[in-house]
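Chemist: I have a structure here, written as structure tokens, and I will follow up with some questions on it.
The values are calculated or read from the model by the stated rules, or taken from the named source; none is laboratory data. No experiment lies behind these values; they were computed from the predicted model shown. Note that each Cβ is placed from the backbone with ideal geometry, even for glycine, and that neighbours are counted across all protein chains shown. These accessible areas exclude ligands, DNA and RNA; they are computed on the full protein's heavy atoms, side chains included. Shrake-Rupley method; radii C 1.70, N 1.55, O 1.52, S 1.80 Å.
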Amino acid sequence: MHGPVSAAWSLVALCAATGAYCLLRMRSAVEEQRRSAGGEALMGFGMAAMAVPAAAFTPPDWAWPVYAAVFGLAALRALWAARRDRHHLHHLVGAGAMAYMAAAMAVAPPAAHSMEGMSMEGMHGGTGVPAVTGALLLYFTGYVLLSGARLVPAAVAVGGPPPPARWGDRPELALACRLSMAIGMVAMLLTM
């Protein structure tokens, strides 16, 4: 993260907590929720690792290509899963964004090998926001706004509230996880 170290640690905490909750969601009785939660846990922990301030830990040079490969494979898996469920298209975009950021870090000069040291001018030769970064920012900003609107409580049906679901199967918690990761993704993309 480029900016205050406290903001970077807040992003690390948010993404790690989201990843941990997604791991717990993998215990769901619903197979599709388990599958979705696994990809989201990978995203949360990957985002947390990428957001660690350089003052605390600087990954070795070989780590960025490994991150790019891992998230490239996750994007391919999401593309395959999107045949069954459109929701996986969001996972595809998220994994693709992570692979993109990791690849950008792999080709960045050694002084910029942390999200803290990244800047658009240093990474892209001063040409401004690259098209891919801009498109990803638009996508995740729109996702944050739409997801936030979906979390606003609706009127309760006349029949009363639905029976309580297991805490790992509650759709509003899954949506809140995706929302928090999308917010984190916007923050990370803004630092590129």
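Chemist: Given a 1.4 Å probe and the protein chains all in place, what does the accessible area of residue 52 round to, in Å² to the nearest 10?
Modeler: Answer for residue 52: close to 30 Å² accessible.
Chemist: Residues in segment 74-96, backbone N under 14 Å from the label point at residue 146 (7 Å along the Cα-to-beta-carbon vector): list them, ranges by number please.
Modeler: Within reach of a label on residue 146, which here means backbone N under 14 Å from a point 7 Å along Cα→Cβ, segment 74-96 contributes 86-94.
Chemist: With the crude spin-label approximation of a point 7 Å out along Cα→Cβ, what separation in nm comes out for residue 83 versus residue 190?
Modeler: Result: 3.9 nm between the two label points.
Chemist: How long are the three semi-axes of the equivalent ellipsoid for segment 1-111, computed from the Cα gyration tensor as the root of 5 times each eigenvalue, in whole Å, largest first? Intermediate results must be reported in sequence, preceding the final value.
Modeler: Numbers: eigenvalues 137, 60, 19 Å².
After diagonalising the Cα gyration tensor, the semi-axes are 26, 17, 10 Å.
Chemist: So what's the gap between the Cα centers of segment 16-32 and segment 50-110, to the nearest angstrom?
Modeler: That distance is 20 Å.
Chemist: Ordering 98, 43 by accessible area with a probe of 1.4 Å, largest first, what comes out? Kindly include the intermediate steps, with their values, before the conclusion.
Modeler: Details: 98 0, 43 25 Å².
The ordering from most to least exposed comes out as 43, 98.
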